[in-house]
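Accompanying notes for the structure given below.
The values are calculated or read from the model by the stated rules, or taken from the named source; none is laboratory data. For clarity, every value in this text was computed on a predicted model and none was experimentally measured. Here the Cβ positions follow ideal geometry from the backbone for every residue, glycine too, while neighbour counts run over all protein chains shown. Areas reflect the complete protein model, heavy atoms only, side chains present, ligands, DNA and RNA absent. Shrake-Rupley method; radii C 1.70, N 1.55, O 1.52, S 1.80 Å.
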Amino acid sequence: MAIAITVLDCDVLLYGQRQRTLDRFRLDDVTDEYLLSTYGFPRPFIDYLVELLGGSLSRPTQRSRAISPETQIMAALGFYTSGSFQTRIGDTIGISQASMSRCVTNVTEALVERASQFIRFPHEEASVQKLKDDFYNLAGVPGVLGVVDCTHVTIKAPNSEDLSYVNRRGLHSLNCLLVCDSQGVLLWAETQRPGSTQDNVVLQQSELSCLFKTKMHREGWMLADSAFLLRPWLMTPVQIPESPQEYRYNMAHTATHSVMESTQRALRHRFRCLDGARATLQYSHEKSSQIVLACCILHNIALQHGLDIWCEAECAALEAEEDCNNMETAEIEAYRMRQELVLTHFS
């Protein structure tokens, strides 16, 4: 006798008329140690995200309404911190791989909507002065408002035959422009540029460049490495130092700029989805850009919650994509300002 077998699709369970919710995972059912070891964040941090994003993740127009905000957030954190949609995370919270992907999309969009709340330059006079003071205390470089650099995040090859995303190493990537303060807090993040775009061009075409040219150049300058062009608002190392003052300036510049290297290492260590040695973002370049920005936002929120970034754990080294030779073709005013800085503060 034939036996009828009913096959239930996960989405029927999640979105069917009779079954509006299917949450096998509850925060209250797991220990603090489990959350930290599995998802990389403690309970208070996760509770804060649920409160922050809950309204957006419960909107009636979203198909994933059947999955609770806390489950969506745990799914997204599981992906951000592991870089994988494999069954370990999905099985833990009781949803399918397809649902995991939708949760990541929903949480990413909710975070990106709040980007300006968490990633921004200070504008108040006291805050700007504190920014300068904190940088000066690192290595004695005055007037610094941030350190800037670019980093590549590996993505899947676009469907079209677009070679603009192929970087110097032959990998498809996004070239992401970041600025941080002396504590590693991100002050700026532009994550959408194709991997073939040179660092200096990324900065030149950015909104950040316009901001400093029109407003913030009177407040101070940023520090950048030799992949960037010297500007009145962007101080780079002296390419061929000849005097003791220039050597001292370069040493102080390197010591100050190293905070960006630590910040990039921390981002890739905490969010393994950004670490090309461990994972490649399997999304379109538009969605991949949003995921990178979402991780940057979470990085800043983590710092607000006292979660230290200065970890010594091994992670993939950030390899320079730029040829730094012959970058010192800049306007005379920029040379004058840097020379004045060198002679005044490093003699």
Notebook entry, point to check: Taking H as built 1.01 Å from N, whose amide H comes closer than 5 Å to the amide H of Trp188, not counting residues under 5 places away?
Noted result: Val179
Next item on the list: Report the accessible area of Val201, computed with a 1.4 Å probe over the heavy atoms of all protein chains in place, in Å² rounded to the nearest 10.
Entry: 40
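Using a 1.4 angstrom probe on heavy atoms only, work out the carbon and sulfur share of the accessible area of the stretch 137-276 in %.
Within the stretch 137-276, the accessible surface is 48 percent carbon and sulfur.
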Notebook entry, point to check: If you average the sequence gap of Cα pairs under 8 Å that are 6 or more apart and divide by the length of the stretch 167-290, what percent do you get for the contact order?
Noted result: 21
Checklist line | Glu286 accessible area, 1.4 Å probe, all protein chains in place, Å² to nearest 10 | finding: 110
Next item on the list: Give the ranking of Lys156, Lys130 by solvent-accessible surface, highest area first, calculated with a 1.4 Å probe.
Entry: Lys130, Lys156
Item checked: Distance violations [Cα-Cα > 28 Å] among Lys132/Lys213; Lys132/Lys156; Lys132/Lys215 -> Lys132/Lys156
Notebook entry, point to check: When DSSP assigns beta bridges and you keep just the ones with both residues in the stretch 104-240, what percent turn out antiparallel, to the nearest 5?
Noted result: 75
Check: Remind me, relative contact order of the stretch 67-197 in percent, using alpha carbon pairs under 8 angstrom and six or more residues apart?
Finding: 18
Margin query: Suppose each label sits 7 Å from its Cα in the direction of the beta carbon; what would the His345-Val112 distance come out to in nanometres?
Written below: 3.7
Next item on the list: Give the ranking of Thr108, Thr81 by solvent-accessible surface, highest area first, calculated with a 1.4 Å probe.
Entry: Thr81, Thr108
Check: So what is the relative contact order for the stretch 219-286, in percent, with contacts set as C-alpha pairs under 8 Å and at least six apart?
Finding: 18
Next item on the list: Determine, at each q value in 0.23 (inverse angstroms), the log₁₀ of I(q)/I(0) that the Debye formula gives when each Cα of the stretch 147-197 is one equal point scatterer.
Entry: -0.77
Next item on the list: Rounded to whole Hz and in sequence order, give me ³J(HN,Hα) for the stretch 196-210 from the Karplus expression 6.51 cos²θ - 1.76 cosθ + 1.60, θ = phi - 60°, writing x for Gly and Pro.
Entry: 7, 6, 5, 3, 5, 6, 4, 5, 4, 8, 7, 5, 4, 4, 4
Check: How large is ³J(HN,Hα) for each residue in the stretch 129-144, as worked out from phi by the Karplus curve 6.51 cos²θ - 1.76 cosθ + 1.60 (θ = phi - 60°), to whole Hz, x for Gly and Pro?
Finding: 5, 5, 4, 5, 4, 5, 5, 4, 5, 6, 8, x, 8, x, x, 7
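Assigning unit charges at the beta carbon (Lys, Arg +1; Asp, Glu -1) and nothing else, what dipole magnitude in debye, to the nearest 20, does the stretch 79-189 show about its Cα centre?
320
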Next item on the list: Compare the Cα positions of Asn137, Val147, Val166 along the charge dipole of the stretch 128-200 (+1 at Cβ of Lys, Arg; -1 at Cβ of Asp, Glu; about the Cα centre) and return the one farthest towards the positive end.
Entry: Val166
